[in-house]
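Below you'll find the structure, written out as structure tokens, and then a few comments.
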Amino acid sequence: MTSIEAHVQQPYKYGFVTDIESEVVPAGLNEDVIRLISGKKGEPAWMLEWRLKAYRNWLKMSEPHWPNVKYGPIDYQAISYYAAPKQRPKLDSLEQVDPKLVQTFEKLGIPIEEQKRLTGVAVDAVFDSVSVATTFQAELAKYGVIFCPISQAIREHADLVQRYVGTVVPHNDNFFAALNSAVFTDGSFVYVPKGVRCPLELSTYFRINASSTGQFERTLIIADEGSYVSYLEGCSAPMRDENQLHAAVVELIALDNAQIKYSTIQNWYPGDEEGRGGIYNFVTKRGKCAGRNSKISWTQVETGSAITWKYPGCILQGDNSIGEFYSVAVTSHRQQADTGTKMIHLGKNTRSTIVSKGISAGRGQNTYRGLVKIMKGAEGARNYSQCDSMLIGDKCGAHTFPYIDVRNSTAIMEHEASTSKIGEDQIFYLRQRGLSSEDAVSMIVNGFCKEVFKELPMEFAVEATRLLGISLEGSVG
Amino acid sequence: MTKGRALLEVQGLRVAVAGNEILKGVDLAIRDGEVHALMGPNGSGKSTLAQVLAGHPAYTVLAGTVRYDGKDLLEMKPEDRARAGVFLAFQYPVEIRGITNSYFLRSALNALRKERGEPELDPIDFLQFLEQKLKAIGWDDSMMNRPVNEGFSGGEKKRNEILQLAVLEPRLAILDETDSGLDIDALKTVAETVNKLRAPDRAFLIVTHYQRLLNYITPDVVHVLADGRIVKSGGPELAHELEAKGYDWLRDAAMVS
């Protein structure tokens, strides 16, 4: 292993297990399990019906095998679909949260206790299948902003959930979305009312702890007319030899003149050097710019998971709406990522920007897959795509699959792609100027990812750069 | 010129790259403040010597010693050499995408300052420091906000190396064919800047194939490297002799000896 590879392939720091008594339903999937989950969440009948409809569809669907990744068959009957730490189900105050859970999140850098909270950031902490704490809810309520676990939203804001859930990612959208729709447990719900600029960054931290379980969260964010919200999700899981399935669905809806900025720092356990264990991260994320002049930005920094399969996209329905996708995906050891975006232009003068940075090291395989579709009515639509790959070492791979489908001749499309190799000469140049080899690698990788990192909220840019073994300094030169 | 202990002392240095012996026993001594020119035909090992002194990992030292300021230079990591004041102006400077020259230079300067126990400069202090340095050499700051060497012309890359030299203020500056690929105006600018940077506590080793750079920078000593050995050393007049006669007469001499 060269010095460069050694710096990129750092040991996983979040692989600990929290020893806590959990309630885990027996492995297996059938309608009774779905009824059980729905019952545990105290859901209304319409939600259960929706889940069952999804399940019945899922039974008829088959797992997609077109992504450029390889893995053995998944036994869906061997997974437990609900795991929750034993505690009082309804929490009136954060003081009632089990100290072990508080400690777990603190260890992950997500303090949820009142006095230690991150300033300016409201956090929903999800542990296995349940949300254990949501901070700043009362403060946000003063602005009319709803930020709560989706289970709570289904009970307390049923009208909003019922109106929007499944409108962007239908329950039969794809195999994993259908599975999620049937068995989803927690995740966050956000509603920002008309004209409100959400005063805090909202964030959800997902932690998988129990073994032989999957995590199937669902997030729904609605930005009403003229509102703005910035939301971030983070995640991690213990180191285990087994593969654990994480099949989430995220739906975003932006109405007229609304803006949603959605950032992800994905750090699921990637498996060991030999490719044993790790999370299968099979996720459907989509936003709908339903209103005129609306805007949805996806920014993702993907460093974890054994396999990543996700294409956060935008349906640009409203005239003049804007979709953006900024991505850094790192694969080292034997990680595989097939990720990119879908930009569907429906409205007039809609614009989309795609900036994808793939970094491959070790035996990692990194695939960018993106679709830009300009529909007939999308007069004056524009897209700019840029896909850059960086290779570290000679056993890794980078692949790019851009799909373009243009049905309106007024469209303007630009696509740029590059592949580069980080070399000992670059490292030597920087070391000759007095930088350590760690700092040299950091500077090079950081410079490569700069266009993406600058899109992250400041608080999380630090986390992202640290994750890549990088000091933040370089990205703000 | 003060006759003191040598700042850099190379003795019997033999170096191979990819199994080929390039340097076959080099002896060289440079004192503080001296300017030495190292000349020689292509393939004689000039750049190899420059790279080895800076610590490039591709080269294997077979034999010999290099002492710098009393220390064993060959034992030091490249970054430690840089922090001890060894600077190499690269023949082929690399590009660092997404990182501005200004940020890069500040990081490098701070690495050096940290080593010297001086406080690191924040971006604002650095800008002031930089302004002074640029003023001293009569350059503007047009290169500072561009990514390091990205999209630079060959001449700009070489100028950028000299700019780094001016900011990092090394004790031993090694210029590896800085003159190659420069037009006459750029050559003059670089030479004038080097002359301004000459100081009693700064030595130079100027590696060049042609004599033309030495029309503007008068060295204290000129060495001729041929086939991995220094075959002749002399005063500035040696450069002119080489210009007139070429290298062959020396190479032949080396073969005979």
* Asked: Does any residue in region A:136-162 that is closer than 19 Å to A:F206 by Cα come within less than 6 Å, Cβ to Cβ, of a residue that is in a strand (DSSP E or B) and not aromatic (F, W, Y) six or more places away or on a different chain, and which pairs are these?
  -> A:F136/A:A122; A:F147/A:A122; A:F147/A:V190; A:F147/A:L202; A:C148/A:T134; A:P149/A:S131; A:I150/A:R218
* Where in region A:286-327 are there strands (runs of 3 or more DSSP E), lying fully within it, with 1 or more residues that are under 11 Å from the mean Cα position of the chain (by Cα)? -> A:295-302, A:307-310
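Given the criterion crowded, with 21+ Cβ neighbours inside 10 Å and at pLDDT 95 or above, identify the matching residue among A:G358, A:G313, A:G364.
Answer to the check: A:G313.
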* Residue pairs meeting the criteria (Cβ under 6 Å; at least 6 apart or on separate chains; first free of Cβ contacts under 8 Å to residues at least 24 places away in the same chain, in region B:46-75; second in a helix (DSSP H, G or I)) -> B:H56/A:F428
* Structure fact -> Counting only residues that are over 23 Å from A:S327 (Cβ atoms) and modelled with pLDDT of 95 or more, region A:379-401 contains a total of 2
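Check A:K357, A:K373 and return the single one that is in contact with a strand residue (DSSP E or B) (Cβ under 7 Å, 6 or more places away or on another chain) and within 14 Å of chain B (Cβ to nearest Cβ). Step through it out loud before you land on a result.
Values: A:K373 fails: within 14 Å of chain B (Cβ to nearest Cβ).
Sole residue among the options that is in contact with a strand residue (DSSP E or B) (Cβ under 7 Å, 6 or more places away or on another chain) and within 14 Å of chain B (Cβ to nearest Cβ): A:K357.
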* Asked: Within region B:33-136, which strands (runs of 3 or more DSSP E) (wholly inside it) include 2 or more residues that are more than 23 Å from B:N160 (Cβ to Cβ) and in contact with a helix residue (DSSP H, G or I) (Cβ under 8 Å, 6 or more places away or on another chain)?
  -> B:59-68
* **B:P123 vs. criteria without any contact (Cβ under 8 Å) to a residue 24 or more places away in the chain, more than 30 Å from B:G12 (Cα to Cα), out of contact with any strand residue (DSSP E or B) (no Cβ under 9 Å at 6 or more places or on another chain) and at the interface with chain A (Cβ under 10 Å from one of its Cβ atoms)** => yes
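Any idea how many residues of region B:99-116 are more than 7 Å from every other protein chain (Cβ to nearest Cβ) and under 26 Å from B:S47 (Cα atoms)?
Step one: of region B:99-116, the residues more than 7 Å from every other protein chain (Cβ to nearest Cβ) are B:101, B:104-106, B:109-110, B:113-116.
When the remaining residues are screened for being under 26 Å from B:S47 (Cα atoms), the result is B:101, B:104-105, B:109.
Number satisfying all stated conditions: 4.
Provide a single number: the residues in region A:411-438 that are within 7 Å of chain B (Cβ to nearest Cβ) and free of Cβ contacts under 8 Å to residues at least 40 places away in the same chain. I'd like the intermediate steps shown before the answer.
Kept after step one, since they are within 7 Å of chain B (Cβ to nearest Cβ), are these residues of region A:411-438: A:424-426, A:428-429, A:431-436.
This time we only want the ones that are free of Cβ contacts under 8 Å to residues at least 40 places away in the same chain, so: A:425-426, A:428-429, A:431-436.
Residues meeting the conditions: 10.
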* To do: Tell me which of these A:E379 doesn't satisfy, since it passes every other one: (1) in a strand (DSSP E or B); (2) among the acidic types (D, E); (3) more than 21 Å from A:F282 (Cβ to Cβ).
  => (1)
* Among the listed residues A:L29, A:L48, which satisfies the condition of being part of a helix (DSSP H, G or I), at pLDDT 90 or above and either buried (at least 17 other Cβ atoms within 10 Å of the Cβ) or of a type outside the set (S, T, Y) (or both)? -> A:L48
* **Enumeration of residues in region A:302-325 that are of a type outside the set (S, T, Y), touching a residue at least 60 places away in the same chain (Cβ under 8 Å) and within 20 Å of A:Q336 (Cα to Cα)** => A:G304, A:A306, A:I307, A:W309, A:P312
* If you check every pair at least six apart or on different chains, which have Cβ atoms under 7 Å apart with a residue in region B:13-36 that is at positive phi first and a residue that is acidic (D, E) and surrounded by fewer than 18 Cβ atoms within 10 Å (Cβ to Cβ) second? -> B:G33/B:D201
* Only one of A:L220, A:L245 is surrounded by fewer than 24 Cβ atoms within 10 Å (Cβ to Cβ) and in a strand (DSSP E or B); which? -> A:L245
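Hey, can you tell me all the residues within region A:3-26 that are among the hydrophobic types (A, V, I, L, M, F, W, C) and either modelled with pLDDT of 90 or more or part of a helix (DSSP H, G or I) (or both)?
If we filter region A:3-26 for residues that are among the hydrophobic types (A, V, I, L, M, F, W, C), which is where we start, we get A:4, A:6, A:8, A:16-17, A:20, A:24-25.
A:I4, A:A6, A:V8 - these are the residues of region A:3-26 that are among the hydrophobic types (A, V, I, L, M, F, W, C) and either modelled with pLDDT of 90 or more or part of a helix (DSSP H, G or I) (or both).
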* Taking region B:47-98 only, how many residues are within 9 Å of another protein chain (Cβ to nearest Cβ), hydrophobic (A, V, I, L, M, F, W, C), more than 15 Å from the chain's Cα centre (by Cα) and crowded, with 17+ Cβ neighbours inside 10 Å? -> 2
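The values are calculated or read from the model by the stated rules, or taken from the named source; none is laboratory data. Everything quoted here is computed from the prediction, not taken from an experiment. Virtual Cβ from ideal backbone geometry, glycine too; neighbours counted across all protein chains shown.
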